[in-house]
There are 2 protein chains.
Amino acid sequence: MNNMKCYGSSKFIDNLKNKNTLFLCVFATTKTSNIPGITGAGATPELTEYTPAADLELVMYGTPKCLPEIPQTIVGEEPAPTPAVITKACLEIADIPLMIADAGAGVKPDLPFIKLGEKPAEDIRTGNSVPDAREIFEKGKILGETLSKITDHLVIGESTPAGTTTALGVLTALGYDANMKVSGSMPENPHDLKQEVVLEGLKAAGYSKGEVIEDALRAVEIVGDPMIPAVAGVVMGSSIPVTLAGGTQMTAVCAVIRGIDPDFDFSNICIATTIFVAEDETSDINHITHQIADITVIAMDPEFEKSSVAGLKCYLDGSVKEGVGAGGALFAATLKGADMDDIRAMIEDLCKKIF
Amino acid sequence: MNNMKCYGSSKFIDNLKNKNTLFLCVFATTKTSNIPGITGAGATPELTEYTPAADLELVMYGTPKCLPEIPQTIVGEEPAPTPAVITKACLEIADIPLMIADAGAGVKPDLPFIKLGEKPAEDIRTGNSVPDAREIFEKGKILGETLSKITDHLVIGESTPAGTTTALGVLTALGYDANMKVSGSMPENPHDLKQEVVLEGLKAAGYSKGEVIEDALRAVEIVGDPMIPAVAGVVMGSSIPVTLAGGTQMTAVCAVIRGIDPDFDFSNICIATTIFVAEDETSDINHITHQIADITVIAMDPEFEKSSVAGLKCYLDGSVKEGVGAGGALFAATLKGADMDDIRAMIEDLCKKIF
């Protein structure tokens, strides 16, 4: 397909046609997102904690309830519509059910959600970011076992502001070369700041630069976020194909899975993201996955250059790239037979209605 | 079938064979359960708040985590194994997936659960028992919509200590004749105490005896429990057949549904309970349902008189009758082709392992 670029084996895709799909969105917050300049996912550093709840309310209700304003990534002159709009359009057009799970968020959406974690993560500079990572992982496993019984294909998205920094944290702690490679929510990716914050967190926990932590969940406890062990748990508890719907954050999930089970079979897993992440010049998702395992990365192109909605053009210059599982939602809707022109028309309709 | 007694139309049953089934257990607590003598669902009045969490942990893990002791209804000489054992056996033997939802409980199970409510209910004598009944109902509706997309048949159990008292409250407030008709967790059903508590709650809210409350969710706010609006919401949000797995508590759910939508079609709904509730001489489930609508009641008989486990015989003298959706679980497993002798053997095995 023209709108789908596949890095790695496409076998995974062939097995998924005409299967029932469930979209699970795991959300979390970390006080790391309050560091000025680290993320564009919110109008101010403090408001980033509202972004997951507002985005999920938008997917479900078409409008956020916890915030007076619609979440838009504010970079440049034109506000870019949140990727939640892409996810909403895809789930609606392909009639894909959505469940959401709280791995640990400071602000909760006004929606039914599955509770996996107790509280938001600390700033990773404390070196004690997710003390309950193991409990979250275990609950995720149980959820994965359950969901495997009620669907054929699980698509797991995430919403975690500053999540590429915590992903860098976990990848770095586990010995992967990820500096300058994780994606970000702004055109200028603040790699130096991210790296500095990660090294500060590792140091606070007593680890020096380059020291590899053998225990994957320990890496999460120190410098991760709650989404990572939650999604790793769901994947490891599942017995069905799983699409990780996200960008470089999902490579941290794969690294943790690999750390917990070095023999884990990644052939039943793929990462599906947007072309805006896959072709991002400020990051390199495939450089990271190749270090972990033979993981297929699928990049979806909603062809926003064809769009009449000015805000969507912001995706083309990297002002916003991915989130709330937008890339995986495009993938899942396409597998269900939805046409990209129809999906884009639906996204445009939603943009006009919502913004 | 010998083990299934059907009061009302059996059409509902015929449509369910060979369908995918999901078991949802909604749990809640109310401070009403702390009134001495009102419920047998816990070793002491205070411990009744732990019963839902402990029961659900038992269903999932085979052992409770939140309590050092296994929940057993303590009446007479022989402790009766919690009905959670029946539910566990049925779900395992028929490989039925389980999801659990917190409508508002003081003690939470150490499990992933869907959050529908914020807090446990007050003692109904306050006349202000579930102030957030409407929010719980709305979240339940969304959950019902979602679950309808991922299964063909929803079985909804409940775990709510003192739930027959709150059911009596809601039924009474809505003008149904339910005094002396609700079931209970002990051989001697404390009808007078239940009635007294209900009337005290109605009076505290400014309603005199016999005064009918036109707004069904207002009745829940005053003298209900959080399970009732949660389950009513799930049912009204669903577009698939729903089995209400419980005893007289589920009649209060039906009464609320009827109150919200007088034209609601109950032909896609049934109540499935145990023979111990249906043939209970201290209560009358059919007397209540007949006042509400044409609701099919199915009574399942696990034939514990054939059992070698002494504790299970307690069910025969009414020491314990139903809970955690045991009757509906027996129904769902039977629909999936499980044989009652095999189910009973599994229950006995679990009893020997657990107690």
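The values are calculated or read from the model by the stated rules, or taken from the named source; none is laboratory data. On a predicted model such as this, the values are computed, not experimentally measured, just so you know. We place every Cβ from the backbone using ideal geometry, glycine too, and count neighbours over all the protein chains shown.
Before moving on, here are some points about what is shown:
- Being part of a helix (DSSP H, G or I), out of contact with any Asp or Glu (no Cβ under 9 Å at 6 or more places or on another chain) and buried (at least 18 other Cβ atoms within 10 Å of the Cβ) is a property that A:Ile213 lacks.
- Residue that is surrounded by the fewest Cβ atoms within 10 Å (Cβ to Cβ), among those in the stretch B:106-131 that are within 12 Å of chain A (Cβ to nearest Cβ) and among the charged types (D, E, K, R): B:Glu118
- When every residue of the stretch B:65-84 is checked against the conditions, none turns out to be crowded, with 21+ Cβ neighbours inside 10 Å and within 12 Å of chain A (Cβ to nearest Cβ).
- In the stretch B:259-280, the residue that is farthest from B:Ile86 (Cα to Cα) out of those that are charged (D, E, K, R) and without any contact (Cβ under 8 Å) to a residue 24 or more places away in the chain is B:Asp263.
- Residues of the stretch B:183-201 satisfying the condition of being among the β-branched types (Val, Ile, Thr) and in contact with an Asp or Glu (Cβ under 9 Å, 6 or more places away or on another chain): B:Val197
- Residue that is modelled with the highest pLDDT, among those in the stretch B:72-104 that are over 20 Å from B:Thr151 (Cα atoms) and in a loop (DSSP other than H, G, I, E, B): B:Pro83
- Qualifying residue in the stretch A:187-200 (condition: assigned to a loop (DSSP other than H, G, I, E, B), in contact with a helix residue (DSSP H, G or I) (Cβ under 6 Å, 6 or more places away or on another chain) and either of a type in the set (Asp, Glu) or under 16 Å from A:Thr126 (Cα atoms) (or both)): no
- The stretch A:135-162, residues that are out of contact with any Cys (no Cβ under 8 Å at 6 or more places or on another chain), closer than 26 Å to A:Thr48 by Cα and hydroxyl-bearing (Ser, Thr, Tyr): A:Thr160
- Hey, A:Ala299 at pLDDT 95 or above and either out of contact with any Asp or Glu (no Cβ under 9 Å at 6 or more places or on another chain) or part of a helix (DSSP H, G or I) (or both) or not: no
- In summary, A:Ala178 fulfils each of the numbered conditions (1) over 27 Å from A:Leu22 (Cα atoms); (2) touching a Gly at 6+ places or on another chain (Cβ under 6 Å); (3) surrounded by 22 or more Cβ atoms within 10 Å (Cβ to Cβ); (4) small (Gly, Ala, Ser) with the single exception of condition (2).
- Meets criteria (crowded, with 18+ Cβ neighbours inside 10 Å and touching a residue at least 60 places away in the same chain (Cβ under 8 Å)) for A:Leu193: no
- For the stretch B:170-184, a residue qualifies if it is of a type in the set (Val, Ile, Thr) and in contact (Cβ under 8 Å) with a residue 60 or more places away in the chain, and the qualifying residues are B:Val170, B:Val182.
- Residues of the stretch B:281-293 classified as out of contact with any helix residue (DSSP H, G or I) (no Cβ under 6 Å at 6 or more places or on another chain) and in a loop (DSSP other than H, G, I, E, B), total: 4
- Yes/no for B:Ala167 being touching a residue at least 24 places away in the same chain (Cβ under 8 Å), of a type in the set (A, V, I, L, M), away from chain A (no Cβ under 14 Å) and part of a helix (DSSP H, G or I): yes
- Residue match in the stretch A:312-320 (condition: under 28 Å from A:Asn18 (Cα atoms) and of a type in the set (D, E, K, R)): no
- Taking the conditions (1) touching a helix residue (DSSP H, G or I) at 6+ places or on another chain (Cβ under 8 Å); (2) within 13 Å of chain A (Cβ to nearest Cβ) in turn, B:Cys90 satisfies each one other than (2).
- Test: residue in the stretch A:135-151 that is in contact (Cβ under 8 Å) with a residue 40 or more places away in the chain, assigned to a loop (DSSP other than H, G, I, E, B), more than 10 Å from every other protein chain (Cβ to nearest Cβ) and not small (Gly, Ala, Ser): no
- Any chance A:Ala53 is away from every other protein chain (no Cβ under 14 Å), under 26 Å from A:Ala332 (Cβ atoms) and buried (at least 19 other Cβ atoms within 10 Å of the Cβ): no
- Residue among B:Ala333, B:Ala345, B:Ala326 that alone is buried (at least 20 other Cβ atoms within 10 Å of the Cβ) and either farther than 27 Å from B:Phe266 by Cβ or in contact with a Pro (Cβ under 6 Å, 6 or more places away or on another chain) (or both): B:Ala326
- Close contacts from the stretch B:13-24, counting a first residue that is away from every other protein chain (no Cβ under 14 Å) and a second that is polar (S, T, N, Q), with Cβ to Cβ under 9 Å and a gap of 6+ residues or different chains, come to B:Ile13/B:Thr296; B:Asn15/B:Asn268; B:Leu16/B:Thr243.
- Scan of the stretch B:117-131 for residues that are in contact with a strand residue (DSSP E or B) (Cβ under 8 Å, 6 or more places away or on another chain) and either assigned to a loop (DSSP other than H, G, I, E, B) or not hydrophobic (A, V, I, L, M, F, W, C) (or both), ordered by number: B:Gly117, B:Glu118, B:Lys119, B:Pro120, B:Glu122, B:Asp123, B:Ser129, B:Val130
- Residue-level check: of (1) crowded, with 18+ Cβ neighbours inside 10 Å; (2) more than 9 Å from every other protein chain (Cβ to nearest Cβ), B:Met99 misses just (2).
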